Amino acid sequence: MTDLDYMRRAIALAKQGLGWTNPNPLVGCVIVKNGEIVAEGYHEKIGGWHAERNAILHCKEDLFGATAYVTLEPCCHHGRTPPCSDLLIERGIKKVFIGSSDPNPLVAGQGASQLRQAGVEVVEGLLKEECDALNPIFFHYIQTKRPYVLMKYAMTADGKIATSSGESKWITGELARARVQQTRHQYSAIMVGVDTVLADNPMLNSRMPNAKQPVRIVCDSQLRTPLDCQLVQTAKEYRTVIATVSDDLQKIEQFRPLGVEVLVCKARNKRVDLQDLLQKLGEMQIDSLLLEGGSSLNFSALESGIVNRVHCYIAPKLVGGKQAKTPIGGEGIQQIDQAVKLILKSTELIGEDILLDYVVISHL
């Protein structure tokens, strides 16, 4: 095996922590001695040991002179766990390959520097692009203190998210819907607008086996969410937040005994200011937000500039109809050069449906 092979193994290990480490990063570690893997580990869950510590402390062999492959720069500060850089030095690791640099101000090059000062050879940037791709959420959150926002929608081949009568179940097939359940597991929170609650009465939970459940958020400016809807009635089981601009204390107090958290935000055009909402969610340590709203909320999110990524599922169906909704509503734009610009990261065939994964590079 080559250095690239060992780092690819570390990347595969890191992915096993998907959904469980937020707001911490995904990290994998492989340790090699005399051409053989002698230890490996990954960051399994928030508050647990980091990847390097998991690998080393589960290894009974002498690691003096070994080489470590780590997808993210080792930490050098005390957090929930002790520094990984200290342990690598203590166990006599002679060389460390690092994939991604850590933008956390508490690390930010200091981990690699500490290793070098102790006489450890450090090689940075091995499979950097692949390692960086593990942690767009962590990189964004640690630098902005705001959630990374993924806007997801499913549409027909003629660009409709529902028929003219409002029917939308089901546009995509079972495999695509199963993928969405995985995404719900990976993101810390999921948000819809109140119109979606009124129309669909959704649960917004992840139905994947052994899934981590996202915080459920309803963007409801005037507190129109029904007390008997599924979200409210299950709020004691799944954490549920309603974001509003209403100061009607009587309405607000109706939700609290049912377990719903009401978050009063700043207003923008009499609606929830999404920038202010993201600031508040970041302060709640919500590092990522899956937006599954309707066309109105989707446009508002794009207009406010909060969207970082877009998942567009396209089903091989045509429904037509001038009144049938499209993914992005609102007023739209007047000129093409005002459009939100995207970069296509990947295209995937999931059953009969197509998933287009875009990164947002400009805003309205």
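State yes or no: is Thr347 without any contact (Cβ under 8 Å) to a residue 24 or more places away in the chain, β-branched (Val, Ile, Thr) and open to solvent by 40 Å² or more (accessible area, probe 1.4 Å)? When the stated conditions are applied, Thr347 passes them.
Going by the conditions given, is Glu352 more than 21 Å from Pro202 (Cβ to Cβ), at pLDDT below 90 and touching a helix residue (DSSP H, G or I) at 6+ places or on another chain (Cβ under 9 Å)? In short, no.
Residues considered: Leu175, Leu150, Leu115, Leu127. Of these, the only one that is more than 28 Å from Thr81 (Cβ to Cβ) and open to solvent by less than 30 Å² (accessible area, probe 1.4 Å) is Leu150.
Yes or no: region 230-243 includes at least one residue that is on the phi < 0 side of the Ramachandran plot, in contact (Cβ under 8 Å) with a residue 60 or more places away in the chain, of a type in the set (A, V, I, L, M, F, W, C) and not in a helix (DSSP H, G or I). No, region 230-243 has no match at all. Whether any residue in region 280-287 is among the aliphatic types (A, V, I, L, M), touching a helix residue (DSSP H, G or I) at 6+ places or on another chain (Cβ under 8 Å) and crowded, with 17+ Cβ neighbours inside 10 Å is what I want to check. No, region 280-287 contains no residue that is among the aliphatic types (A, V, I, L, M), touching a helix residue (DSSP H, G or I) at 6+ places or on another chain (Cβ under 8 Å) and crowded, with 17+ Cβ neighbours inside 10 Å.
Within region 277-331, the set of residues being β-branched (Val, Ile, Thr) and more than 24 Å from the chain's Cα centre (by Cα) comprises Val319, Thr326. Could you say whether any residue in region 72-92 is of a type outside the set (S, T, N, Q), out of contact with any Cys (no Cβ under 6 Å at 6 or more places or on another chain), buried (at least 23 other Cβ atoms within 10 Å of the Cβ) and assigned to a helix (DSSP H, G or I)? Yes, region 72-92 has at least one match. Scanning region 324-360 for residues that are closer than 14 Å to Gly159 by Cβ and among the polar types (S, T, N, Q) gives a single hit, Thr326. Condition first: part of a helix (DSSP H, G or I), of a type in the set (Lys, Arg), more than 28 Å from Gly19 (Cα to Cα) and open to solvent by 60 Å² or more (accessible area, probe 1.4 Å). Can you find one or more residues in region 265-273 that meet it? Scanning region 265-273, I find no residue that is part of a helix (DSSP H, G or I), of a type in the set (Lys, Arg), more than 28 Å from Gly19 (Cα to Cα) and open to solvent by 60 Å² or more (accessible area, probe 1.4 Å), so the answer is no. Among the conditions (1) β-branched (Val, Ile, Thr); (2) under 13 Å from the mean Cα position of the chain (by Cα); (3) open to solvent by 10 Å² or more (accessible area, probe 1.4 Å), Ile190 misses just one, which is (3).
The number of residues in region 153-171 being open to solvent by 30 Å² or more (accessible area, probe 1.4 Å), more than 23 Å from Gln182 (Cβ to Cβ) and either touching a Phe, Trp or Tyr at 6+ places or on another chain (Cβ under 8 Å) or not charged (D, E, K, R) (or both) comes to 5. Just one residue in the set Ala51, Ala108, Ala68, Ala14 is closer than 30 Å to Ile286 by Cβ, modelled with pLDDT of 95 or more and either touching a Leu at 6+ places or on another chain (Cβ under 9 Å) or of a type in the set (A, V, I, L, M) (or both); that residue is Ala14.
Scanning region 1-29 for residues that are open to solvent by 70 Å² or more (accessible area, probe 1.4 Å), within 20 Å of the chain's Cα centre (by Cα) and aliphatic (A, V, I, L, M) turns up nothing. Restricting attention to region 30-47, the residues being over 16 Å from Arg91 (Cβ atoms) and open to solvent by 20 Å² or more (accessible area, probe 1.4 Å) number 7. Here the condition is being over 30 Å from Phe138 (Cα atoms) and in a loop (DSSP other than H, G, I, E, B); of Arg224, Arg256, Arg207, it holds for Arg224 alone. In region 93-112, the qualifying residues are those that are within 26 Å of Met1 (Cα to Cα) and within 25 Å of the chain's Cα centre (by Cα), and the one that is most open to solvent (accessible area, probe 1.4 Å) is Ser101. Residues of region 31-43 include at least one that is touching a His at 6+ places or on another chain (Cβ under 8 Å), closer than 25 Å to Asn210 by Cα and not in a helix (DSSP H, G or I).
This table checks each residue for (1) of a type in the set (S, T, N, Q); (2) without any contact (Cβ under 8 Å) to a residue 12 or more places away in the chain; (3) within 17 Å of Asn298 (Cα to Cα); (4) in contact with a strand residue (DSSP E or B) (Cβ under 8 Å, 6 or more places away or on another chain).
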site	(1), (2), (3), (4)
Arg184	no, no, no, yes
Gly193	no, no, yes, yes
Val215	no, no, no, yes
Arg224	no, no, no, no
Arg268	no, no, yes, no
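Within region 295-344, being open to solvent by 40 Å² or more (accessible area, probe 1.4 Å), hydrophobic (A, V, I, L, M, F, W, C) and in a helix (DSSP H, G or I) holds for one residue alone: Ile336.
The values are calculated or read from the model by the stated rules, or taken from the named source; none is laboratory data. The structure presented is a predicted model; accordingly, all values stated were derived computationally and were not measured. Cβ coordinates were reconstructed from backbone atoms using ideal geometry, including for glycine residues, and neighbour counts include every protein chain displayed. Ligands, DNA and RNA are excluded from the accessible area calculation, which covers all protein heavy atoms including side chains. Shrake-Rupley method; radii C 1.70, N 1.55, O 1.52, S 1.80 Å.
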